[in-house]
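Below: one structure, written as structure tokens.
The values are calculated or read from the model by the stated rules, or taken from the named source; none is laboratory data. What you see is a predicted model, and the numbers here were worked out from it, not measured in a lab. Cβ coordinates were reconstructed from backbone atoms using ideal geometry, including for glycine residues, and neighbour counts include every protein chain displayed. Surface areas here come from the heavy atoms of the whole protein model, side chains and all, with no ligands, DNA or RNA. Shrake-Rupley method; radii C 1.70, N 1.55, O 1.52, S 1.80 Å.
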Amino acid sequence: MAEVKAGLQDVVIATSGICAIDGERGRLVYRGYEISDLAKHSTFEEVVYLLWYGRLPKRPELDNLKQELADNRAVAPQILDLLKSLPPAQHPMEVLRTAVSALSLYDPESEDMSEEANRRKAIRLTAQLGTIVAAFARIRDGKDAVAPDPRLGHAANFLYMLTGERPDEEIARWFDIALILHADHSFNASTFAARVTASTLADMHSAITSAVGALKGPLHGGANERVMRMLLDIGSVDKAEDYVRGLLARREKVMGFGHRVYRTRDPRAAILCRMSEELCRRSGQMKWFEMSQRIEDLMIREKGINANVDFYSASSYYVLGIPVDLYTLIFALSRIAGWTAHVLEQYANNRLIRPLAEYTGPVDLQYVPIDQR
Ligand code: COA
């Protein structure tokens, strides 16, 4: 019997020039640049350019990309009509999955597989995911969607479309950093799903729809929402340790902890931890940060398991006033940059992804007619 690596653990299935993770040392690198440097010095739009084109842009190149993203934020009116027609109580990830699929119906180049058309689709998808998320969040509350403001950067514009108010610069910058941190992560489950779909030479919207579906699960992007639900359930700092001990005693997973690749602290968690502290302090809601710290200390002490990207993003988004069921969608509106970069890379050097399975079912059965079974 061939060796089966459950969950493809440690299996290298391709080469890629986009993103490197060193799980032992806790390093994450986009196209050669450390994530901590990018979080400190870069912007989401610059990171998008880096992921798509393989190098940092010169100023006119960055200005051009920013303009293209701003010019393409508005979605077709049929998409807004669709959002209005969807059940408002359904989970917004179901809505995003549906809307991303629907975008291709109104995309003038949906079936054009030329590299130029695919790059333009990557721009439209990256520009429009935030518009869809913000519009649905308002429509389900009985409010009108807010039209994008082309003068605002990607992060600030999303917060503006969500709340109807332009965020102050510091808040917009923290949110921009959160988008940078989530923009890519090598062959994670959703990116792999996108690449598998792209490898059949299906169109980019099909690949991204696959990715959104894969991101939804609690073992992947769905974890950040569940982290916040846990913190809300705990309620106060002094109850945090007993609550988590209870989860561990029942052998339940603590959301926001553990990782398939990192054996040490996820470098994104370190930056998000500082973000959570700063944003919780600013908003006068330190208890979410303090509760998170108690949980992280306990998990390291008792299980030797570190926080991942989803743990401190939860409290950060909460004090920014973002509805809890949108957290995974925030992940998506950043990760779209990486998904599209990977789809472009897959198309550029494609071979159908088609692994094998070791068959363990019954053999040599005789067919029995239905009324004799
Ligand atoms: N809480 C408690 N125990 C955990 C844990 C967590 N969050 N993550 C891993 N473990 C434990 C498992 O129970 C298992 O212990 P065992 O060997 O005694 O059975 C061991 O660590 C290995 O976990 P496993 O689930 O097999 O690892 P994996 O590589 O298949 O899974 C994750 C990785 C991310 C799916 C897993 O850590 C997890 O479910 N985390 C919670 C969800 C989450 O935060 N996902 C977002 C990832 S960015």
Return the carbon/sulfur percentage of the accessible area of segment 13-72, one whole number, probe 1.4 Å, all protein chains in place. 44 percent
Taking only protein heavy atoms into account and a 1.4 Å probe, give the accessible area per residue of segment 223-319 in Å². 45 Å²
If R₀ is 41 angstrom, what is the calculated FRET efficiency for the pair Met286 and Ala74, using the beta carbon separation as r and rounding to 0.05? 0.55
Segment 80-143 versus segment 262-302: alpha-carbon centroid distance in Å: 32 Å
Please state the shape class of segment 223-319: rounded when a/c is under 1.5, otherwise prolate if a/b exceeds b/c and oblate if not, all from the C-alpha gyration tensor. oblate
Where does the charge balance sit around Asp238 when Lys and Arg score +1, Asp and Glu -1, over other residues with C-beta under 12 Å from its C-beta? 0
Please compute the length gained on full extension between Glu116 and Glu3, using 0.36 nm multiplied by the number of residues separating them and subtracting their Cα-Cα distance. 36.5 nm
Got a sec? Charge dipole of the chain, +1 on Cβ for Lys and Arg, -1 for Asp and Glu; which of Ser236, Tyr347, Ser114 is way out at the positive end? Ser236
Can you pull the accessible area of Lys143 for me, 1.4 Å probe, Å² to the nearest 10? 100 Å²
With a cut-off of at most 12 other beta carbons within 10 Å, and DSSP calling the residue loop, which GluC sites (Glu not before Pro) in segment 116-177 qualify? Please list them. Glu165
For a protection proxy built on the mean count of beta-carbon atoms within 10 angstrom, sort 179-185, 8-14 highest first, please. 179-185, 8-14
Whole-Hz couplings from phi, Karplus 6.51/-1.76/1.60, listed for segment 194-208; x for Gly and Pro: 4, 5, 4, 5, 4, 5, 7, 6, 5, 5, 4, 5, 5, 5, 6
Return the calculated 222 nm mean residue ellipticity for the chain, to the nearest 500 deg cm²/dmol, obtained by summing -39500 (n - 2.57) across DSSP H runs with n ≥ 4 and dividing by the residue count. -18000 deg cm²/dmol
Can you compute the charge dipole magnitude of segment 95-245 about its Cα centre, using +1 on each Lys and Arg Cβ and -1 on each Asp and Glu Cβ, nothing else charged? Give it in debye, rounded to the nearest 20. 300 debye
Mean separation of Cα contacts under 8 Å (at least 6 apart) over the residue count of segment 223-319, i.e. the relative contact order in percent, is 44 percent
Just by accessible area at a 1.4 angstrom probe, what is the order of Met93, Met1 from largest to smallest? Met1, Met93
Which ³J(HN,Hα) values in Hz, rounded to whole numbers, follow from the phi angles of segment 334-350 under the Karplus curve 6.51 cos²θ - 1.76 cosθ + 1.60, where θ = phi - 60° and Gly and Pro get x? 8, 5, 4, 4, x, 4, 5, 4, 5, 5, 4, 5, 5, 4, 5, 8, 7
What is the sum of charges around Ala223, taking Lys and Arg as +1, Asp and Glu as -1, for the other residues whose C-beta is under 14 Å from the C-beta of Ala223? +2
Say the dipole of the chain comes from +1 at the beta carbon of Lys and Arg and -1 at that of Asp and Glu; which of His220, Leu298, Ser315 then lies farthest toward its positive end? Leu298
Under a Cβ-only charge scheme (Lys and Arg +1, Asp and Glu -1), can you give me the dipole magnitude of segment 223-319 about the Cα centre, in debye to the nearest 20? 280 debye
Please give me the summed charge of the neighbours of Asp168: other residues whose Cβ is under 14 Å from its Cβ, Lys and Arg +1, Asp and Glu -1. -2
For the ranges 57-69, 325-337, 21-33, 211-223, what's the packing order if you count other beta-carbon atoms within 10 Å of each residue, average per peptide, and put the highest first? 325-337, 211-223, 21-33, 57-69
I'd like the Karplus ³J(HN,Hα) series for segment 234-240: coefficients 6.51, -1.76, 1.60, θ = phi - 60°, whole numbers in Hz, and an x wherever there's a Gly or Pro. 5, x, 9, 4, 5, 9, 4
Using a Förster distance of 56 Å, the FRET efficiency for Arg373-Asp168 (Cβ separation, nearest 0.05): 0.20
Show the residues, 5+ positions off or on another chain, whose built amide H is closer than 5 Å to the amide H of Ile305. Ile300
